[in-house]
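A.B. asks: Dropping the structure in here first, questions after.
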Amino acid sequence: MNSSELRTASDLISKASRVVSFSGAGLSAESGVATFRDANTQGVWTKFDPMKLASPQGFQDDPKLVIDWYADRRRYVAQAQPNAAHVALASRGEMQHITQNVDDLLIRAGVDPDILIQLHGTIASDHCHDLCGYEEAINLSDPPSLHACPRCGGSMRPSVVWFGESLLPEAWNKAEQACIECDVLLVIGTSAEVYPAAGLLDLSKSNGATIIIVNTESSGASHLADLELTGNAGEIIPHLLR
Ligand code: OAD
């Protein structure tokens, strides 16, 4: 950690009137939740085919495989604890949070669910894949197996955005607004390779925000960074938001 860069970034954040965080799987890595693309840390998509496990086609082909895989992830997340970065983000008031993460660790750290934008949805609920509108909250410690929608008999599935699906318009509109209006966008632990989410960083930059990146390595967003802090989020974020 470069301490002069850390001080500069911390000053920028404390002087800004609107700070927004934009996080990815790296935020939860120190809680033990696997990232998607890190070859060295066994990223999820280096071991599993996302088209089989996280796409409407995959669900149609083998719904049990998909639901069982999510059940394992749900149990795993239930056992994970928020790390120091989640806690520091939750402790700083007046900050909006956009995350690509479908876990509930920011919420368990204390972030108000009303100000958290989960761009890719959440594993803490299921909804009817046949879009009758039925939803149910999920106990992550005791996740359901494949089951039918009690309202219409369709298939229940996790409320996450799969490859090939659109983001929820409400979440997207709020995220765009936040990225346009912020002075500082704090980008934490994302490869910034998945669109449209990663496009929010360009949007923020082109609207004049200072982009501060915290990542263990360079990412698809490095070229946008005004300041890039290299290291673990759990070590850097608490210092940055002190
Ligand atoms: P990735 O796995 O693509 O990227 C994780 C990033 O976190 C990498 O750039 C790592 O260098 C960084 N990283 C790892 N450990 C870290 C740590 N302790 N501190 C800071 N940074 C760390 O994950 P995402 O960018 O979140 O989508 O992936 C985006 C989307 O792709 C996910 O939301 C998911 C996935 O497919 C859906 O599920 C729809």
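A.B. asks: Roughly how many whole Å is it from the C-alpha centroid of region 4-63 to that of region 123-177?
C.D. replies: Here the answer is 20 Å between Cα centres.
A.B. asks: Which whole-Hz couplings ³J(HN,Hα) result when phi for each residue of region 157-172 is put into the Karplus expression 6.51 cos²θ - 1.76 cosθ + 1.60, θ = phi - 60°, listed in order with x for Gly and Pro?
C.D. replies: Rounded to whole hertz, the list is 8, x, 7, 10, 8, 8, 4, x, 9, 7, 5, 5, x, 5, 5, 5.
A.B. asks: Counting helices only, and only those DSSP H runs with n ≥ 4, report the 222 nm mean residue ellipticity of the chain as the sum of -39,500 (n - 2.57) divided by its residues, in deg cm²/dmol to the nearest 500. Provide the component values of the computation, followed by the final result.
C.D. replies: Numbers: 11 runs with 90 residues, N = 242.
Helices in the chain give a 222 nm mean residue ellipticity of -10000 deg cm²/dmol.
A.B. asks: Quick one: order 97, 147 from most to least accessible surface, probe 1.4 Å.
C.D. replies: Working: 97 5, 147 55 Å².
My answer, sorted largest first, is 147, 97.
A.B. asks: Counting only C-alpha contacts under 8 Å and six or more residues apart, can you give the relative contact order of the chain as a whole percent?
C.D. replies: This gives 26 percent for the chain.
A.B. asks: Pop out the ³J(HN,Hα) list for region 58-75 in order, Karplus 6.51 cos²θ - 1.76 cosθ + 1.60 with θ = phi - 60°, rounded to Hz; leave Gly and Pro as x.
C.D. replies: Residue by residue, region 58-75 yields x, 5, 5, 5, 8, x, 5, 4, 5, 5, 5, 5, 5, 4, 4, 5, 5, 4 Hz.
A.B. asks: Sticking with this structure for a sec: Students sometimes get this wrong: rank 184, 102 by accessible area, probe 1.4 Å, all chains present, largest first.
C.D. replies: 102, 184
A.B. asks: Looking at the chain as a GNM with Cα springs under 10 Å, which of 209, 54, 16 has the largest mean-square fluctuation?
C.D. replies: It is 16.
A.B. asks: What shape does the chain take by its C-alpha gyration tensor, where a ≥ b ≥ c are the square roots of the eigenvalues and a/c under 1.5 counts as rounded, a/b above b/c as prolate, and the rest as oblate? Before the final figure, lay out each step's value.
C.D. replies: Working: a/c = 1.92, a/b = 1.75, b/c = 1.09.
In terms of gyration-tensor shape, prolate.
A.B. asks: Excluding residues on the same chain fewer than 8 positions from residue 64, give the lysines whose Cα lies under 26 Å from its Cα.
C.D. replies: In chain and number order, the partners are 47, 52.
A.B. asks: List the Cys residues of the chain that have no partner Cys with a C-beta closer than 4.7 Å.
C.D. replies: Singleton cysteines: 179, 182.
A.B. asks: Explain nothing, just compute: Karplus ³J(HN,Hα) = 6.51 cos²θ - 1.76 cosθ + 1.60, θ = phi - 60°, for every residue of region 19-32 in order, whole Hz, x for Gly and Pro.
C.D. replies: 3J(HN,Hα) across region 19-32, in whole Hz: 10, 10, 9, 10, 10, x, 4, x, 4, 9, 4, 6, 8, x.
A.B. asks: Separate question: I'd like the antiparallel share, as a percent to the nearest 5, of DSSP beta bridges with both residues in region 91-242. Show your work: numbers first, answer last.
C.D. replies: On the way: 9 of 21 bridges.
Just about 45 percent of them are antiparallel.
A.B. asks: I would also like to ask the following. DSSP loop chymotrypsin sites (Phe, Trp or Tyr not before Pro) in region 1-101 with at most 11 other Cβ atoms within 10 Å of their Cβ, which ones? All intermediate terms of the calculation are to be shown ahead of the outcome.
C.D. replies: On the way: sites: 22, 36, 45, 48, 59, 69, 70, 76; in loops: 36, 48.
Answer in residue order: no site qualifies.
A.B. asks: Skipping prolines and chain starts, which residues have an amide H placed within reach, meaning under 5 Å, of the one on residue 23, given they are 5 or more residues away or on another chain?
C.D. replies: Result for residue 23 returns 98, 99, 100, 188.
A.B. asks: Need the list of lysines near residue 205 for cross-linking: C-alpha distance under 23 angstrom, and skip anything on the same chain fewer than eight residues off.
C.D. replies: Filter leaves 15, 174.
A.B. asks: Additional query: For region 1-77, what's the relative contact order in percent, using C-alpha pairs closer than 8 Å and at least 6 residues apart? Could the numbers behind the result be given before it?
C.D. replies: Values: 44 pairs, mean separation 10.0, N = 77.
This gives 13 percent for region 1-77.
A.B. asks: How much of the DSSP beta bridge set in region 1-155 is antiparallel, as a percent to the nearest 5?
C.D. replies: Values: 4 of 12 bridges.
Roughly 35 percent of the DSSP beta bridges within region 1-155 come out antiparallel.
The values are calculated or read from the model by the stated rules, or taken from the named source; none is laboratory data. The structure displayed is predicted, hence computed values, not measured ones. When we count neighbours, we look across all protein chains shown, and the Cβ atoms used for this are built from the backbone with ideal geometry, even at glycine. What goes into the accessible areas is simple: the full protein's heavy atoms, side chains included, and nothing from ligands, DNA or RNA. Shrake-Rupley method; radii C 1.70, N 1.55, O 1.52, S 1.80 Å.
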